[in-house]
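Before any comments, here is the structure.
The values are calculated or read from the model by the stated rules, or taken from the named source; none is laboratory data. Note that this is a predicted model, so its numbers are computed, not measured. Here Cβ is always computed from backbone atoms with ideal geometry, including for glycine, and neighbour counts include all displayed protein chains. Ligands, DNA and RNA are stripped out before the accessible areas are found, and what is left, the full protein with its side chains, is counted by its heavy atoms. Shrake-Rupley method; radii C 1.70, N 1.55, O 1.52, S 1.80 Å.
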Amino acid sequence: MVAAQPAAAAEKKAILVFGDSLSDGFMLQRSEAYPALLAKKLQAAGLNFQVINASASGGTTQGGLERLPPHLNHRIDIFILELGINDAFRALPVEQIQNNLQQIIDKVKARNPNVRVVIAGMQLPNYATDDYVSAFSKMFNAALVPYLLQGVAGDPSLNLPDGIHPNAAGQKILAENVWRVLEPIARQLAVIPSASEGPHR
């Protein structure tokens with residue numbers, strides 16, 4: 001008689017990371033970028049999740065809206081959103097950045113009503129950090145990584161020669177910054193039966 005497969009093996013939950021070059025691992029192997037490092041942390045913690053890195057270097061919030069639809073064809077249990085800094089460099093008003101991000105979140109939630117959203121925060125030029133954090137922490141049902149580059153920005157030993165993008169060592173710190181917020185969410189979802197999440201086509 002064939003033994004039944006454990007339910008967890010058939011019910012792996014999905015984390016979609018949707019970001020720009022910081023999440024894409026600019027000039028690095030994808031295995032060195034923080035989403036891949038998060039996958040290893042989840043596995044080591046015994047949490048049955050797969051991490052899909054749908055990030056694109058140079059990505060903007062408007063570009064994110066345009067490339068999002070194909071990803072909505074698959075179930076998303078946790079959505080990590082890291083976009084906006086490239087918009088700020090292009091002097092897009094922070095209100096427009098927030099509006100685009102909210103549209104992305106709304107579209108994900110429309111297809112995945114019980115999705116948990118994590119915003120990877122950045123410090124925008126010409127805006128006080130407290131104002132930025134306050135604005136994005138008000139997004140409904142979203143957790144916040146206050147500053148993705150905490151401990152990395154400005155440290156030459158943790159960045160590529162351009163001084164902007166983290167190197168492999170810097171990406172490890174980014175993974176820790178996200179993990180502090182992601183771990184409790186993942187542990188909570190790990191005990192929720194998938195049947196309770198409703199159908200998704």
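So here's what we get for this one:
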read-out	value
Residue among Ala14, Ala88 that alone is open to solvent by less than 30 Å² (accessible area, probe 1.4 Å), hydrophobic (A, V, I, L, M, F, W, C) and farther than 20 Å from Val178 by Cα	Ala88
Scan of segment 170-187 for residues that are without any contact (Cβ under 8 Å) to a residue 40 or more places away in the chain and open to solvent by 50 Å² or more (accessible area, probe 1.4 Å), ordered by number	Ile173, Glu176, Arg180, Pro184
Selection within segment 59-96 - part of a helix (DSSP H, G or I), over 24 Å from Ile185 (Cβ atoms) and modelled with pLDDT under 95	Asn86, Asp87, Ala88, Phe89, Val94, Glu95, Gln96
Given (1) modelled with pLDDT of 95 or more; (2) touching a strand residue (DSSP E or B) at 6+ places or on another chain (Cβ under 7 Å); (3) of a type outside the set (A, V, I, L, M, F, W, C), number of the condition Gly121 does not satisfy	(1)
Members of segment 157-169 that are surrounded by 18 or more Cβ atoms within 10 Å (Cβ to Cβ) and in contact (Cβ under 8 Å) with a residue 60 or more places away in the chain	His165, Pro166, Asn167
Number of positions in segment 188-201 that are modelled with pLDDT of 95 or more and either surrounded by fewer than 15 Cβ atoms within 10 Å (Cβ to Cβ) or hydroxyl-bearing (Ser, Thr, Tyr) (or both)	1
So Ala56, is it part of a loop (DSSP other than H, G, I, E, B) and among the small types (Gly, Ala, Ser)	yes
